[in-house]
Amino acid sequence: MCYSIKALFYDFGASPAVYEVDNDVELECALRRSGSNTAFPAMFVGGKYLGSAKEVISQHIDGTLK
């Protein structure tokens, strides 16, 4: 699923910063401490949580992804 999300953002012409949380336990802990009960992979744009990979794909399909 992560590959699909990366491809989607690249198709939009974005150059996303990708942080592989499974390779960075400290980052994962910081995200969890932030009070966010997010499922991973999770997408953030400009510090705003967009949703899980499944939610972002659904938003893209129904045209609500902005």
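The values are calculated or read from the model by the stated rules, or taken from the named source; none is laboratory data. Only a predicted model underlies this, so the values are computations on that prediction, with no experimental measurement involved. As a convention, Cβ positions derive from the backbone with ideal geometry for all residues, glycine included, and neighbour counts pool all protein chains shown.
Points worth noting:
- Counting only helices (runs of 4 or more DSSP H) wholly contained in the chain, the ones carrying 2 or more residues that are at pLDDT 85 or above and surrounded by 15 or more Cβ atoms within 10 Å (Cβ to Cβ) occupy 2-11, 53-62.
- Answer from Phe12, Phe40 - the residue that is free of Cβ contacts under 8 Å to residues at least 12 places away in the same chain and of a type outside the set (Gly, Ala, Ser): Phe12
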